[in-house]
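Trainee: Take a look at this one; I'll ask things after.
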Amino acid sequence: MANPYINKIFSDVTLTVDLTTVQRGDKVSDVLNDYRLEKSKGTCHEFKGPFEEVEEVFWKLSPLRRSTDLKYQTQDYQDHSSTQKIEPVEVVGVVMDYISQKYSQELDRTVGNNVSLQLNGAKDKVCFHPLGNSTDMAQRCLFARERFITFYQKIATDLKARTFDIDPTLKVTQRKYIEREFPKLMISSSSGSYASSSISVTGSYADTLRFEDFLKNGGTMSQRPTTQHRWQSQTTVDGASGFSMTQNQRKQEEENCPICLDAIKESQKKTLSRCKHSFCRDCLNKAFESKPACPVCGILYGNLKGTQPENGTMTFSTVKAPLPGNDSYGSIVIRYEIPSGIQGEEHPNPGQRYEGTSRTAFLPDSREGRKVLKLLERAFEQRLIFTVGQSSTTGKSNVVTWNDIHHKTNRNGGPVNYGYPDPDYLDRVQDELKAKGIY
């Protein structure tokens, strides 16, 4: 719905238009014909009205500015961007250790070949530096920073750390087996010795649950054939018999629970309706307590509820001025208001105050843009747009921050400045929403 308050607050705004700064004065007159032209002062026109109407006129007149003025503005912007400081990203040391050990290749691809990623000595900040002298290196760094934030958050939100007491003999004798069966688990010992009886495990929820089951079974993977046995069967058996054995093994694997790896009893079998993956009912219920998503493919079931403060508002209005790259449509202006408050149990520091925020975002008023607006409204209702935590730009804690659903907070400037034109933005944001079950 449109914002009912903004025009009441700013009911009498004045816009001054200097005709010497536009390409054709008659075009300005054409634009203003539909509005209330209050008076003229020499080469200047003054337009008065409520905020949203003045804003609409401003964006209609912006394309008429003289090219010389735009040239100087663009040069100033380029000079600024070439020396622009790229803000570091606040990270958690254990998460970065995990990424470095288990996702190093994916991290390199995310950052790219033209940007250097450096972790400071305290392992709480990641800095980005250009590798080259081209004029667009600042933009490359900003793109790399955005990609890194998305990559980091996807891993961090599913990362679990557990400590187990384990028979040192089992750990030594089964070391290679453990490393092979759990390649994405980061395993270390509290005392620094692999022969210690205490072991720390860091990995995804599903992997840590599998590892816990592995220990409960005395260091065996129940009825699931080991990777080594599968390789031997496929490489030592020829012809039709080899094919038959592989099919039987595949059938056996399909009947094992992907979480606990035990054979699924028919009376306890639960098959998810959309992806058709099957689990032990108790295992699935336990997994859904953490996140209502398939542990195998990630498809969401039910409504995912976020940690966005409950007393916020989301409003929107439309203006006729187009966004760059969307010249055939007007604009949708979204305004979020999240007041300050007290953190709840779902937040990092329950009982402490958090600082609220006010944000404005823009969408093209096209069919696809209106579709994204509806999806964002659903995400806001499910408390998924914002969260309470630490700002990745200022480093300040206990503040309301974006929650991995990217918004265009500027009309202009392109992707590097969170603005338009950006032809792929609507597709990307729909992918981000789909990952949270909004589609």
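Trainee: What distance in nm separates the simple spin-label points at residue 406 and residue 274, each placed 7 Å from Cα in the Cβ direction?
Mentor: Spacing of the two 7 Å Cα→Cβ label points: 2.3 nm.
Trainee: If you take the C-alpha gyration tensor of segment 395-439, multiply each eigenvalue by 5 and take the square root, what semi-axes do you get, largest first, in whole Å?
Mentor: Each semi-axis is the square root of five times an eigenvalue, giving 20, 18, 6 Å.
Trainee: Can I ask one more? For residue 293, list long-range residues whose amide hydrogen, built 1.01 Å from N in the peptide plane, is under 5 Å from its own amide hydrogen.
Mentor: 301
Trainee: When the chain is fully extended, how far beyond the present Cα-Cα distance does residue 58 get from residue 342, taking 0.36 nm per residue of separation?
Mentor: My answer for the length gained is 98.3 nm.
Trainee: Extension gain residue 164-residue 353, at 0.36 nm per residue separation less the Cα-Cα distance, in nm?
Mentor: Fully extending the segment from residue 164 to residue 353 adds 64.5 nm.
Trainee: Can you give me the distance in nm between label points at residue 288 and residue 397, each placed 7 Å from the Cα along the Cα-to-Cβ direction?
Mentor: About 3.6 nm, to one decimal.
Trainee: So for 406, 45, 129, fewest C-beta neighbours within 10 Å to most, what's the order?
Mentor: Going from least to most buried by this count: 129, 406, 45.
Trainee: With θ set to phi - 60°, apply the Karplus curve 6.51 cos²θ - 1.76 cosθ + 1.60 along segment 349-361 and write out the HN-Hα couplings as whole Hz, x wherever there is a Gly or Pro.
Mentor: My calculation for segment 349-361 gives 10, x, x, 8, 6, 10, 8, x, 8, 10, 10, 10, 9 Hz in order.
Trainee: Spin-label point model (7 Å from Cα, Cβ direction): what's the residue 188 to residue 150 distance in nm?
Mentor: Placing both labels 7 Å beyond Cα along the Cβ direction yields 3.0 nm.
Trainee: Separate question: How much length is gained if the chain between residue 216 and residue 101 is pulled fully straight, taking 0.36 nm per residue apart and subtracting their Cα-Cα distance, in nm to one decimal?
Mentor: So the chain would gain 38.8 nm between residue 216 and residue 101.
Trainee: Further question on the same structure: Stick to Cα atoms and the Kirkwood definition of Rh, then tell me Rg/Rh for segment 279-319.
Mentor: 1.24
Trainee: Something else: In whole Hz and in residue order, list the ³J(HN,Hα) couplings for segment 266-272 that follow from phi through the Karplus curve 6.51 cos²θ - 1.76 cosθ + 1.60, θ = phi - 60°; x for Gly and Pro.
Mentor: Each residue's phi maps through the Karplus curve to give 4, 6, 10, 7, 10, 10, 6 Hz.
Trainee: Okay, moving on. Could you work out the Kirkwood radius for segment 296-439, taking every pair of different alpha carbons, averaging 1/r and inverting it, reported in Å?
Mentor: 16.0 Å
Coordinate-derived values only; no laboratory data. Note that the structure is predicted; figures quoted are calculated from it, not measured. Backbone-built Cβ (ideal geometry, glycine too); neighbour counts: all protein chains shown.
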